[in-house]
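The values are calculated or read from the model by the stated rules, or taken from the named source; none is laboratory data. All values reported here derive from a predicted model rather than from experimental measurement. Positions of Cβ are backbone-derived with ideal geometry, glycine not excepted, and every protein chain shown enters the neighbour counts. Areas reflect the complete protein model, heavy atoms only, side chains present, ligands, DNA and RNA absent. Shrake-Rupley method; radii C 1.70, N 1.55, O 1.52, S 1.80 Å.
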Amino acid sequence: MRFNFLNKILLVALLPVAQQNFAQTSVPIPEMLAGNVIDLTLKHRTKEFFPGIATQTIGYNGDFLGPTIILQKGQQVTLNLHNQLGDTTTTHWHGLHLAPANDGSPHNPVMDGSTWSPSFTVMDKAATYWYHPHLHGKTLNQVVKGAAGFIIVRDQEEAALNLPRTYGVDDVPLVFQWKTFDAAKQIVEMDEADNEVLVNGTLNGSLDLPAQVVRLRLLNGSSHRFFDFGFADNRPFKQIGSDDGLLDVPVSMTRLILGPGERAEILVDLSGMQGSTLKLRQYGTQLPQGYPGGTMMMGGTMGPKDNTDFDLLTIHVVAPTANAVTTIPTALTTNTAWSQAGASTRSFGFSAQPMMSMTNFFINGLKFDMETVNFTTQLGKTEIWNITNQTMMAHPFHIHGMHFYVLAVNGATPPANLRGRKDVVVVPPMNGSVKLILRYEDFSDTDMPYMYHCHILSHEDTGMMGQFVVGPGASGTKENAAQD
Ligand code: C2O
Ligand code: CU
Ligand code: CU
């Protein structure tokens, strides 16, 4: 008895020390690839996430994740995807405004041992995009093992602003990924039981940032769960960009929710903080009910870290750089959504079968079918999409090939940080709704559709997806419009 009691005291006393001593790994910054020809090789690899244990992974040009592709608006680029995976794959350029043939959707399969080389002009605005496989039924399998990377588009408008943009120094891409590791420390596809979070592929990561205004490009690259980001000292930060471009003005906030697939660029003022340490945390207890990572609608949780708050990243503030940005601009750009006058409307409803299912989802009562085009529309048309969610969980809804503007969430004007260009929007649960507006500009292809789907990868793989064809416009616009 007495011995056990003492042992317990010892354990309790040692625990905090043991936690502090758990080695931090400095978060790697992905290599940059720029120019007119970019080569990516997708392969099975291994990586040591846990000391002495080789975990099976998939990476682009490396063990896990991939290089950051840097593109300049207006440039011509050829992306060579070399598939050495031993399986069919695709690579989708998530968020880029592209013709269906260049999009990397399930309709652009790349056979094992072959190379796919889409070539196009970059038409997008400066923002943080990403790439990942998209083979129907295999997206989760390939992405969860590490196949994903950043795309950063730069343009003149963004370059004219006094913003941090020294890659890896004061402008840092950070991909956050919930993962499930099994007892043998292998990554498994059971994304409903996520038990770890990786930052740029690292557990328990730390990052040195200079004592000045820094820019973090946050990507929720998870297969299933949401993040509710905030700093441990509750310091405000400013969101300057959403999925596909800058916001009108920096938006001050202390918490930021990102669903799978969503990106946000934030500025954090670390001026005068040299020598101090700052924690970026997950505030899972503050996620709304029904958002994966928080509590379920029915109450209770699915994964061991759900509905908990924990550190995601330790930031060590180091000496400022020579040309430090020390102020935050007050104006960034002007976002103007298309006029709603004359726009046609479409409705999309999410449902579950049975009604309380957390795994079996439908859009307009249907499962995705490669051979079925769900609707056909026309180049030059503006449409309003009304999306309603009759399920018990939030779904991050994504549309390929173009950006949209969110007009309303649950019938109300969206918060300021959702008023920029977007390509993923979270549709709240329990009859939640989103109203968005988009326009079919530039690309028509009567044979190859664009996709829309839930970005929770198991939902997408099991059919929470649809597709549409953009036909030629009325005024003699040419079919299969070339991109250059
Ligand atoms: Cu990032 Cu269709 O996906
Ligand atoms: Cu996409
Ligand atoms: Cu979903």
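When 149, 104, 74, 95 are screened for being in contact with a strand residue (DSSP E or B) (Cβ under 9 Å, 6 or more places away or on another chain) and away from ligand 1 (no atom under 15 Å from the Cβ), only 74 passes. Answer yes or no as to whether residue 278 is open to solvent by less than 10 Å² (accessible area, probe 1.4 Å), closer than 19 Å to residue 398 by Cα and assigned to a strand (DSSP E or B). Criteria not met by residue 278. Somewhere in region 452-460, is a residue touching a Cys at 6+ places or on another chain (Cβ under 7 Å) and within 16 Å of ligand 1 (Cβ to nearest atom)? Yes - at least one qualifying residue is present in region 452-460. With respect to being open to solvent by 10 Å² or more (accessible area, probe 1.4 Å), within 27 Å of residue 470 (Cα to Cα), out of contact with any Ser or Thr (no Cβ under 8 Å at 6 or more places or on another chain) and touching a residue at least 12 places away in the same chain (Cβ under 8 Å), residue 159 falls outside the description.
Just so you know, in region 201-227 the residues that are closer than 23 Å to residue 296 by Cβ and of a type in the set (Ser, Thr, Tyr) include one that is surrounded by the most Cβ atoms within 10 Å (Cβ to Cβ), and it is 222. Just one of (1) open to solvent by 40 Å² or more (accessible area, probe 1.4 Å); (2) free of Cβ contacts under 8 Å to residues at least 60 places away in the same chain; (3) within 16 Å of ligand 3 (Cβ to nearest atom) fails for residue 357. It is (1). Applying the condition of being of a type in the set (S, T, N, Q) and within 12 Å of ligand 3 (Cβ to nearest atom) to region 420-466 and asking which residue is surrounded by the fewest Cβ atoms within 10 Å (Cβ to Cβ) yields 462.
Look through 91, 128 and report the one residue that is in contact (Cβ under 8 Å) with a residue 12 or more places away in the chain, open to solvent by less than 10 Å² (accessible area, probe 1.4 Å), within 15 Å of residue 41 (Cβ to Cβ) and among the polar types (S, T, N, Q). The unique qualifying residue is 91.
Taken together, the residues in region 405-424 that are small (Gly, Ala, Ser), in a loop (DSSP other than H, G, I, E, B) and without any contact (Cβ under 8 Å) to a residue 60 or more places away in the chain amount to 1. When 101, 148 are checked against the criterion of being within 16 Å of ligand 2 (Cβ to nearest atom), open to solvent by 10 Å² or more (accessible area, probe 1.4 Å) and small (Gly, Ala, Ser), 101 stands alone in meeting it. Screening residue 182 against (1) touching a residue at least 40 places away in the same chain (Cβ under 8 Å); (2) open to solvent by 40 Å² or more (accessible area, probe 1.4 Å); (3) of a type in the set (Asp, Glu) leaves a single unmet condition, (1). Of everything in region 394-417 that is surrounded by fewer than 24 Cβ atoms within 10 Å (Cβ to Cβ) and aliphatic (A, V, I, L, M), the residue that is farthest from ligand 3 (Cβ to nearest atom) is 416. Scanning region 48-73 for residues that are open to solvent by 50 Å² or more (accessible area, probe 1.4 Å), in contact with a Ser or Thr (Cβ under 7 Å, 6 or more places away or on another chain) and either β-branched (Val, Ile, Thr) or touching a residue at least 60 places away in the same chain (Cβ under 8 Å) (or both) yields 56, 63. Kindly indicate whether any position in region 148-162 is in contact with an Asp or Glu (Cβ under 7 Å, 6 or more places away or on another chain) and among the polar types (S, T, N, Q). No: zero hits.
Yes or no, residue by residue, for (1) crowded, with 16+ Cβ neighbours inside 10 Å; (2) in contact (Cβ under 8 Å) with a residue 40 or more places away in the chain; (3) over 21 Å from residue 238 (Cβ atoms):
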site	(1), (2), (3)
309	no, no, yes
319	no, yes, yes
330	no, yes, no
345	no, yes, yes
350	yes, yes, yes
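Checking every residue in region 211-222 against the condition of being out of contact with any Pro (no Cβ under 8 Å at 6 or more places or on another chain), within 16 Å of ligand 2 (Cβ to nearest atom), under 24 Å from residue 131 (Cα atoms) and assigned to a loop (DSSP other than H, G, I, E, B) gives zero matches.
Just the residues that are assigned to a loop (DSSP other than H, G, I, E, B) and open to solvent by less than 60 Å² (accessible area, probe 1.4 Å), please, taken from region 373-391.
Narrowing region 373-391 to residues assigned to a loop (DSSP other than H, G, I, E, B): 373-374, 379-381, 390-391.
Passing the criteria: 374, 379, 380, 391.
Listed here are the strands (runs of 3 or more DSSP E) enclosed by region 425-478 that have at least 1 residues being more than 23 Å from residue 97 (Cβ to Cβ): 432-439.
Is it fair to say residue 145 is in contact with an Asp or Glu (Cβ under 8 Å, 6 or more places away or on another chain), at pLDDT 95 or above and farther than 23 Å from residue 468 by Cβ? Criteria not met by residue 145.
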